[in-house]
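Trainee: First the structure, then my questions, so here it is.
The values are calculated or read from the model by the stated rules, or taken from the named source; none is laboratory data. What you see is a predicted model; the values in this text were computed from it and never measured. Note that each Cβ is placed from the backbone with ideal geometry, even for glycine, and that neighbours are counted across all protein chains shown.
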Ligand code: 4HQ
(Lines give C-alpha, C1' and ligand atoms only; values in the text may rest on other atoms or scores of the structure.)
Protein backbone atom coordinates (compact mmCIF):
# COMPACT_ATOMS: atom_id res chain seq x y z
CA UNK A 1 0.00 0.00 0.00
CA UNK A 2 1.43 3.37 -1.03
CA UNK A 3 0.12 6.65 0.38
CA UNK A 4 0.99 9.99 -1.25
CA UNK A 5 0.19 13.17 0.68
CA UNK A 6 0.11 16.39 -1.34
CA UNK A 7 0.74 19.18 1.16
CA UNK A 8 2.43 22.48 1.96
CA UNK A 9 3.73 20.88 5.19
CA UNK A 10 5.61 17.72 4.17
CA UNK A 11 7.69 17.64 7.38
CA UNK A 12 4.56 17.44 9.50
CA UNK A 13 3.54 14.26 7.64
CA UNK A 14 7.02 12.68 7.84
CA UNK A 15 7.39 13.46 11.54
CA UNK A 16 4.07 11.90 12.54
CA UNK A 17 4.71 8.84 10.37
CA UNK A 18 8.25 8.28 11.67
CA UNK A 19 7.07 8.46 15.31
CA UNK A 20 4.21 5.97 14.94
CA UNK A 21 3.28 2.38 14.16
CA UNK A 22 2.91 3.49 10.53
CA UNK A 23 6.65 4.23 10.51
CA UNK A 24 7.36 0.75 11.86
CA UNK A 25 5.18 -0.74 9.11
CA UNK A 26 7.07 1.34 6.55
CA UNK A 27 10.38 -0.06 7.82
CA UNK A 28 8.95 -3.57 7.50
CA UNK A 29 8.14 -2.78 3.85
CA UNK A 30 4.38 -3.23 4.36
CA UNK A 31 3.49 0.27 3.18
CA UNK A 32 4.99 3.63 2.28
CA UNK A 33 4.01 7.24 3.00
CA UNK A 34 5.41 9.87 0.63
CA UNK A 35 4.84 13.55 1.36
CA UNK A 36 4.89 15.67 -1.81
CA UNK A 37 5.45 19.41 -1.44
CA UNK A 38 2.89 21.33 -3.50
CA UNK A 39 5.17 24.38 -3.29
CA UNK A 40 7.68 22.55 -5.55
CA UNK A 41 5.07 22.94 -8.33
CA UNK A 42 4.63 26.70 -7.93
CA UNK A 43 4.63 28.72 -11.15
CA UNK A 44 6.06 31.67 -9.24
CA UNK A 45 9.81 31.09 -9.67
CA UNK A 46 10.76 34.08 -7.50
CA UNK A 47 8.80 33.53 -4.28
CA UNK A 48 7.24 30.08 -4.85
CA UNK A 49 3.82 31.43 -3.88
CA UNK A 50 0.98 28.95 -4.21
CA UNK A 51 -1.88 31.10 -2.85
CA UNK A 52 -3.85 34.14 -3.96
CA UNK A 53 -6.92 36.24 -3.09
CA UNK A 54 -10.39 34.84 -3.83
CA UNK A 55 -12.36 36.28 -6.77
CA UNK A 56 -15.45 38.04 -5.50
CA UNK A 57 -13.67 39.04 -2.32
CA UNK A 58 -13.93 37.61 1.15
CA UNK A 59 -11.49 36.73 3.88
CA UNK A 60 -8.21 34.90 3.50
CA UNK A 61 -6.25 33.27 0.71
CA UNK A 62 -6.89 30.28 -1.52
CA UNK A 63 -4.48 27.70 -2.89
CA UNK A 64 -4.18 28.18 -6.65
CA UNK A 65 -5.28 25.46 -9.05
CA UNK A 66 -2.07 25.25 -11.10
CA UNK A 67 0.46 23.94 -8.52
CA UNK A 68 -2.14 21.55 -7.06
CA UNK A 69 -3.05 20.08 -10.46
CA UNK A 70 0.61 19.82 -11.59
CA UNK A 71 1.56 18.12 -8.32
CA UNK A 72 -1.34 15.70 -8.56
CA UNK A 73 -0.66 14.80 -12.21
CA UNK A 74 2.99 14.19 -11.41
CA UNK A 75 2.04 11.61 -8.77
CA UNK A 76 -0.67 10.06 -11.00
CA UNK A 77 2.00 9.46 -13.64
CA UNK A 78 3.71 7.09 -11.19
CA UNK A 79 0.64 5.45 -9.65
CA UNK A 80 -1.62 5.26 -12.72
CA UNK A 81 -4.55 7.37 -13.90
CA UNK A 82 -7.07 5.24 -11.97
CA UNK A 83 -5.64 6.13 -8.54
CA UNK A 84 -8.17 7.60 -6.11
CA UNK A 85 -7.45 11.19 -5.09
CA UNK A 86 -8.98 12.07 -1.72
CA UNK A 87 -9.60 15.71 -0.80
CA UNK A 88 -9.88 16.35 2.94
CA UNK A 89 -12.82 18.69 3.52
CA UNK A 90 -15.76 19.23 5.89
CA UNK A 91 -17.98 19.11 2.77
CA UNK A 92 -17.11 15.46 2.20
CA UNK A 93 -18.72 12.21 3.27
CA UNK A 94 -17.86 11.38 6.88
CA UNK A 95 -15.00 8.90 7.26
CA UNK A 96 -15.80 5.63 9.05
CA UNK A 97 -14.46 2.10 9.52
CA UNK A 98 -16.29 0.81 6.44
CA UNK A 99 -14.61 3.43 4.24
CA UNK A 100 -11.26 2.56 5.85
CA UNK A 101 -11.79 -1.12 4.95
CA UNK A 102 -12.73 -0.27 1.37
CA UNK A 103 -9.72 2.04 0.89
CA UNK A 104 -7.33 -0.50 2.45
CA UNK A 105 -7.85 -2.65 -0.67
CA UNK A 106 -6.31 0.00 -2.98
CA UNK A 107 -2.69 -0.30 -4.12
CA UNK A 108 -2.13 3.49 -4.10
CA UNK A 109 -3.96 6.42 -2.49
CA UNK A 110 -3.39 10.14 -2.96
CA UNK A 111 -4.44 12.61 -0.24
CA UNK A 112 -4.81 16.27 -1.15
CA UNK A 113 -4.44 18.58 1.85
CA UNK A 114 -5.70 22.14 1.63
CA UNK A 115 -4.57 25.04 3.75
CA UNK A 116 -5.65 28.66 4.12
CA UNK A 117 -9.34 28.93 3.17
CA UNK A 118 -9.12 25.93 0.84
CA UNK A 119 -8.34 25.21 -2.80
CA UNK A 120 -9.54 26.75 -6.10
CA UNK A 121 -12.63 24.67 -7.00
CA UNK A 122 -11.23 23.90 -10.49
CA UNK A 123 -8.35 21.87 -9.03
CA UNK A 124 -10.90 19.82 -7.07
CA UNK A 125 -13.02 19.35 -10.22
CA UNK A 126 -9.99 18.24 -12.26
CA UNK A 127 -8.19 15.96 -9.76
CA UNK A 128 -10.36 14.75 -6.93
CA UNK A 129 -12.29 11.45 -6.96
CA UNK A 130 -13.40 11.38 -3.29
CA UNK A 131 -14.12 14.23 -0.89
CA UNK A 132 -13.92 13.03 2.72
CA UNK A 133 -14.40 14.67 6.14
CA UNK A 134 -13.17 13.25 9.45
CA UNK A 135 -15.96 14.96 11.38
CA UNK A 136 -18.13 18.03 11.79
CA UNK A 137 -15.62 20.59 13.01
CA UNK A 138 -13.30 23.03 11.26
CA UNK A 139 -9.53 22.51 11.19
CA UNK A 140 -6.75 24.74 9.85
CA UNK A 141 -5.48 22.21 7.31
CA UNK A 142 -6.08 18.82 5.74
CA UNK A 143 -2.84 17.26 7.07
CA UNK A 144 -4.22 15.97 10.38
CA UNK A 145 -7.31 14.48 8.69
CA UNK A 146 -5.09 12.76 6.09
CA UNK A 147 -2.95 11.32 8.89
CA UNK A 148 -6.06 10.14 10.74
CA UNK A 149 -7.20 8.32 7.60
CA UNK A 150 -3.74 6.85 6.91
CA UNK A 151 -3.60 5.58 10.49
CA UNK A 152 -7.04 3.96 10.32
CA UNK A 153 -6.33 2.39 6.91
CA UNK A 154 -2.79 1.20 7.74
CA UNK A 155 -3.86 -0.84 10.77
CA UNK A 156 -6.07 -2.88 8.41
CA UNK A 157 -3.12 -3.76 6.13
CA UNK A 158 -2.09 -7.37 6.86
CA UNK A 159 1.03 -7.54 9.05
CA UNK A 160 0.83 -4.00 10.47
CA UNK A 161 -0.79 -5.18 13.70
CA UNK A 162 -0.33 -8.54 15.33
CA UNK A 163 -2.72 -11.23 14.07
CA UNK A 164 -6.37 -10.72 15.00
CA UNK A 165 -6.16 -7.36 16.75
CA UNK A 166 -7.59 -5.35 13.85
CA UNK A 167 -10.73 -7.46 13.45
CA UNK A 168 -11.81 -7.88 17.08
CA UNK A 169 -11.88 -4.24 18.12
CA UNK A 170 -14.54 -1.55 18.31
CA UNK A 171 -16.58 -1.13 15.16
CA UNK A 172 -15.66 -4.39 13.61
CA UNK A 173 -18.98 -6.01 14.37
CA UNK A 174 -20.55 -2.65 15.15
CA UNK A 175 -20.13 -3.05 18.91
CA UNK A 176 -18.02 -0.92 21.26
CA UNK A 177 -15.14 -2.49 23.21
CA UNK A 178 -15.58 -4.26 26.57
CA UNK A 179 -13.79 -2.77 29.63
CA UNK A 180 -10.27 -4.06 30.26
CA UNK A 181 -8.13 -4.44 33.38
CA UNK A 182 -4.51 -5.25 34.21
CA UNK A 183 -2.62 -5.62 37.51
CA UNK A 184 -3.16 -4.95 40.35
CA UNK A 185 -6.38 -6.79 41.28
CA UNK A 186 -7.41 -3.85 43.46
CA UNK A 187 -6.65 -0.20 42.77
CA UNK A 188 -7.88 2.66 44.98
CA UNK A 189 -10.58 0.38 46.32
CA UNK A 190 -11.76 -0.70 42.87
CA UNK A 191 -11.59 -4.44 42.17
CA UNK A 192 -11.19 -6.20 38.84
CA UNK A 193 -14.50 -7.98 38.04
CA UNK A 194 -14.33 -11.42 39.69
CA UNK A 195 -15.15 -13.32 36.49
CA UNK A 196 -11.91 -12.15 34.84
CA UNK A 197 -9.91 -13.79 37.64
CA UNK A 198 -11.84 -17.07 37.40
CA UNK A 199 -9.82 -18.54 34.54
CA UNK A 200 -13.09 -19.76 33.00
CA UNK A 201 -12.45 -18.74 29.40
CA UNK A 202 -15.95 -19.40 28.06
CA UNK A 203 -17.63 -17.37 30.82
CA UNK A 204 -15.13 -14.55 30.30
CA UNK A 205 -16.03 -14.41 26.59
CA UNK A 206 -19.77 -14.34 27.41
CA UNK A 207 -19.25 -11.57 29.98
CA UNK A 208 -17.22 -9.50 27.51
CA UNK A 209 -19.86 -9.78 24.79
CA UNK A 210 -22.54 -8.69 27.27
CA UNK A 211 -20.40 -5.72 28.33
CA UNK A 212 -20.02 -4.76 24.65
CA UNK A 213 -23.77 -4.91 24.11
CA UNK A 214 -24.49 -2.94 27.31
CA UNK A 215 -21.99 -0.21 26.44
CA UNK A 216 -23.18 0.08 22.88
CA UNK A 217 -26.79 0.27 24.09
CA UNK A 218 -25.91 2.99 26.63
CA UNK A 219 -23.50 5.08 24.56
CA UNK A 220 -24.09 4.45 20.83
CA UNK A 221 -27.50 2.74 20.46
CA UNK A 222 -27.64 3.68 16.76
CA UNK A 223 -24.82 1.16 16.10
CA UNK A 224 -26.88 -1.80 17.34
CA UNK A 225 -28.91 -2.12 14.15
CA UNK A 226 -25.69 -3.12 12.35
CA UNK A 227 -24.58 -5.66 14.98
CA UNK A 228 -24.95 -9.42 14.60
CA UNK A 229 -26.32 -10.85 17.83
CA UNK A 230 -27.07 -14.43 18.84
CA UNK A 231 -30.53 -15.34 20.19
CA UNK A 232 -29.19 -15.16 23.76
CA UNK A 233 -27.59 -11.77 23.11
CA UNK A 234 -30.82 -10.42 21.62
CA UNK A 235 -32.63 -11.56 24.76
CA UNK A 236 -30.07 -9.71 26.89
CA UNK A 237 -30.57 -6.54 24.82
CA UNK A 238 -34.35 -6.81 25.21
CA UNK A 239 -33.77 -7.10 28.98
CA UNK A 240 -31.70 -3.89 29.00
CA UNK A 241 -34.39 -2.06 27.06
CA UNK A 242 -37.11 -3.31 29.42
CA UNK A 243 -35.12 -2.22 32.52
CA UNK A 244 -34.89 1.25 30.98
CA UNK A 245 -38.65 1.50 30.59
CA UNK A 246 -39.27 0.61 34.24
N1 LIG B 1 -10.72 21.20 6.84
N2 LIG B 1 -12.21 16.84 7.78
C3 LIG B 1 -8.93 21.64 5.20
C4 LIG B 1 -11.35 20.38 7.76
C5 LIG B 1 -11.51 18.92 7.54
C6 LIG B 1 -12.36 18.07 8.29
C7 LIG B 1 -10.91 22.64 6.99
C8 LIG B 1 -10.01 20.73 5.66
C9 LIG B 1 -9.83 23.48 6.40
C10 LIG B 1 -8.33 23.88 4.59
N11 LIG B 1 -10.93 18.14 6.65
N12 LIG B 1 -9.37 23.00 5.11
N13 LIG B 1 -13.16 18.38 9.29
O14 LIG B 1 -11.83 20.86 8.76
O15 LIG B 1 -11.34 16.89 6.78
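Trainee: Assess whether residue 203 counts as being modelled with pLDDT under 95 and touching a helix residue (DSSP H, G or I) at 6+ places or on another chain (Cβ under 9 Å).
Mentor: So residue 203 fails the test.
Trainee: How do the pairs read when you match residues in segment 134-146 that are closer than 21 Å to residue 84 by Cβ with residues anywhere that are within 6 Å of the ligand (Cβ to nearest atom) and assigned to a loop (DSSP other than H, G, I, E, B), using Cβ under 6 Å and keeping only pairs 6 or more apart or on different chains?
Mentor: 141/115; 142/114; 145/134
Trainee: Identify the single condition in (1) within 9 Å of the ligand (Cβ to nearest atom); (2) within 18 Å of residue 141 (Cβ to Cβ) that residue 94 does not satisfy, given that it satisfies every other one.
Mentor: Looking at each condition in turn, residue 94 falls short on (2).
Trainee: Can you confirm whether residue 109 is more than 10 Å from the ligand (Cβ to nearest atom) and under 30 Å from residue 175 (Cα atoms)?
Mentor: yes
Trainee: Is there any pair with a first residue in segment 112-132 that is under 17 Å from residue 94 (Cβ atoms) and a second that is in a loop (DSSP other than H, G, I, E, B) and at pLDDT below 95 whose Cβ atoms are under 7 Å apart and which are 6 or more apart or on different chains, and what are they?
Mentor: none
Trainee: Checking residue 59 against (1) more than 14 Å from the chain's Cα centre (by Cα); (2) under 17 Å from residue 150 (Cα atoms); (3) more than 10 Å from the ligand (Cβ to nearest atom), which single condition isn't satisfied?
Mentor: Here residue 59 meets the rest and fails (2).
Trainee: Filter segment 122-137 down to residues that are surrounded by fewer than 13 Cβ atoms within 10 Å (Cβ to Cβ) and within 13 Å of the ligand (Cβ to nearest atom) and give me whichever is nearest to residue 52 (Cα to Cα).
Mentor: 137
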